[in-house]
1. It is to be established whether one or more residues within region A:13-20 are away from ligand 2 (no atom under 16 Å from the Cβ), more than 8 Å from every other protein chain (Cβ to nearest Cβ) and within 21 Å of residue A:218 (Cα to Cα).
2. Report yes if residue A:125 is touching a residue at least 24 places away in the same chain (Cβ under 8 Å), away from chain B (no Cβ under 13 Å) and within 17 Å of residue A:179 (Cβ to Cβ), otherwise no.
3. One residue is enough: does region B:237-253 have a residue meeting the conditions loosely packed, with under 14 Cβ neighbours inside 10 Å and within 16 Å of ligand 1 (Cβ to nearest atom)?
4. Mind listing whichever residues of region A:55-83 are more than 9 Å from every other protein chain (Cβ to nearest Cβ) and either touching a Cys at 6+ places or on another chain (Cβ under 9 Å) or within 16 Å of ligand 2 (Cβ to nearest atom) (or both)?
5. For region A:236-250, does any single residue satisfy the condition of being in a loop (DSSP other than H, G, I, E, B) and at pLDDT 90 or above?
6. Do we find that residue B:249 is of a type in the set (A, V, I, L, M, F, W, C) and not in a helix (DSSP H, G or I) in this structure?
7. Taking region A:46-84 as the region of interest, how many residues are within 14 Å of ligand 1 (Cβ to nearest atom) and either of a type in the set (Gly, Ala, Ser) or not in a strand (DSSP E or B) (or both)?
8. Just checking, does region A:5-18 include any residue being over 23 Å from residue B:108 (Cα atoms), part of a strand (DSSP E or B) and within 14 Å of ligand 1 (Cβ to nearest atom)?
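The values are calculated or read from the model by the stated rules, or taken from the named source; none is laboratory data. Just so you know, these numbers come straight off a predicted model, no measurement behind them. Every residue, glycine as well, gets a Cβ built from its backbone with ideal geometry; the counts of neighbours run over all protein chains shown.
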Amino acid sequence: MSASLLIDARSLVRRFGSFRAVDGVDLAVSAGEVVGFLGPNGAGKTTTMRMITGFLEPTSGRASLCGFDVGSDPLAAKRCLGYLPEGAPAYPDMRVDEFLRFVARARGLRGAQARSGIARGIDLLGLNSVRKQSIETLSKGYKRRVGFAQALLHDPPVLILDEPTDGLDPNQKHEVRSLIRTMGEQGGKAIVLSTHILEEVEAVCTRAVVIARGQTVFDGTPAELDAKAPDSVRQGRLDHVFRELTRSASVDKKEVLV
Amino acid sequence: MSDEATPVSAAVAATVTPPGPLAGVVTVFRREFGAYFTTPVAAIFLVIFLVMAGVLTFNVGNLIDPRGQASLRVFFNWHPWMYLFLVPALSMRLWADEHRLGTLELLTTLPLTLRDLVVGKFLAAWAFAVLALALTFPVWLTISFLGDPDHGVILAGYFGSALLSGGLLAVGCAVSAASRSQVVAFVLAVAVSFFMLLTGWAPVQAFFQSWMPQAGVEALASVSFLTHFRHSFLRGVVDLRNLVFFCTVIAAGLWITGVLLRAKRQGR
Ligand SMILES: Nc1ncnc2c1ncn2[C@@H]1O[C@H](COP(=O)(O)OP(=O)(O)OP(=O)(O)O)[C@@H](O)[C@H]1O
Ligand SMILES: [Mg+2]
């Protein structure tokens, strides 16, 4: 691929006890790519993202961000990363603006840089009306938006978003999707987002990666994903393909159990 | 896929001014210290601490000791037992809450080192404890008004008390890092602190003495927070050995905290 590989994960494996939650996943993403990370519940999406972002250590394999190894040069790798963890964790007792200020400082932004980063985050995610509200009093959707804003403050070249549109209303879903698309196309960022909404992949992603039981079962463009459905299927073509791809995996599992 | 992953954004990453060596610690410290004041914990802690310090000093023990010498000895004598419950109340939320809220994931994926996190949080809690201690200054004023105390001894007492709270806090940090629940972190920290204090308490030592060789009793006493607190600072002596003892305890507590957190990342 191109020389601008911003995310490069090789044969990531993660075991919990004897259970392999992630079993040899490769993920290479270049600038300008928006990758939709799909898979049924428990497929290992969150675990993979946690290894790429350095929260979990892989059992084996390695990951690098912007060319910096996450294991051996974590600070440099994390400086070029914006990460929205699953469930958008934040400190409930902080106000939105305080929380964003804290993250900006932790990212090394100071003074005018910090102010403009925070203003950008508040503006892009429509948080102006809740700026002074404490996070515990926010609705689910606003909480998610705060988590997203936090990931954008420093305009990072790499964005990893775990279910960014979960819990958003249709208007906000639309806004956030176009925001992600623009950041990929014009911002030249490398973006990975996980989702359970297959239309989202068609709407914003340049590439789809499907995993099941910790293994990659598809890696290609959304059009290629769609093309895997037989012509006879008219409605819900992606759902059909998704079911085919991930069901074969679960059938295997049953056979093992029998 | 090619192997040449060039660090394109070495430039991008460099646009952010590289922070000084203490910037991370300061950032964490500010958030944690502020967090004590956004919850009722701060107010409750300060009130209990000040009321207890006052009541215990003026009622339970007599400020003017039998020899007619004005000193704050009685006041400081109560500190270990006040800290036993109050310090774990400060340390319990430090890490247990991060685990429970999932914010540990956010913290550890920010460009902060584990050292920044561990030291920053500890210092914030310690600064809060020292603030509470400093607010007992009216006791000092009162005794100065009533009699003619040795101010050097009182200063040494305050210094020792601050060190003692630091040692207990470091224990509490490590316990909190191992737990998801604040309640569990609190109870465990009280239990461990109780043990660390008790081994130097006279009645307990007498019990040990009845069946243990003298060397064993002395070894136990030598790791007791109580011994180190009472036998030097309360006599107005700032002994280097006691200073080193508490610094070692703090360093060990923070080191264990780091080890526990790293173990969590590796999935126990
Ligand atoms: N800390 C852990 N200890 C034990 N098992 C874990 C742990 N974290 C995740 N798992 C297991 O690993 C598997 C993958 O989980 P993961 O959260 O990565 O799935 P996911 O693809 O993100 O699912 P979802 O779509 O529901 O978010 C699951 O079976 C989960 O139970
Ligand atoms: Mg998940």
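1. Yes, there is a match, as at least one residue in region A:13-20 is away from ligand 2 (no atom under 16 Å from the Cβ), more than 8 Å from every other protein chain (Cβ to nearest Cβ) and within 21 Å of residue A:218 (Cα to Cα).
2. On the way: touching a residue at least 24 places away in the same chain (Cβ under 8 Å): yes; away from chain B (no Cβ under 13 Å): yes; within 17 Å of residue A:179 (Cβ to Cβ): yes.
Yes.
3. No.
4. Filtering region A:55-83 for residues more than 9 Å from every other protein chain (Cβ to nearest Cβ) gives A:58, A:60-63, A:69-73, A:82.
Across region A:55-83, there are no qualifying residues.
5. Looking only at region A:236-250, we keep the residues that are in a loop (DSSP other than H, G, I, E, B), and these are A:236.
Remaining after also requiring at pLDDT 90 or above: none.
No, that holds for no residue.
6. On the way: of a type in the set (A, V, I, L, M, F, W, C): yes; not in a helix (DSSP H, G or I): no.
No, not satisfied.
7. Residues flagged as within 14 Å of ligand 1 (Cβ to nearest atom) and either of a type in the set (Gly, Ala, Ser) or not in a strand (DSSP E or B) (or both) within region A:46-84 amount to 13.
8. no
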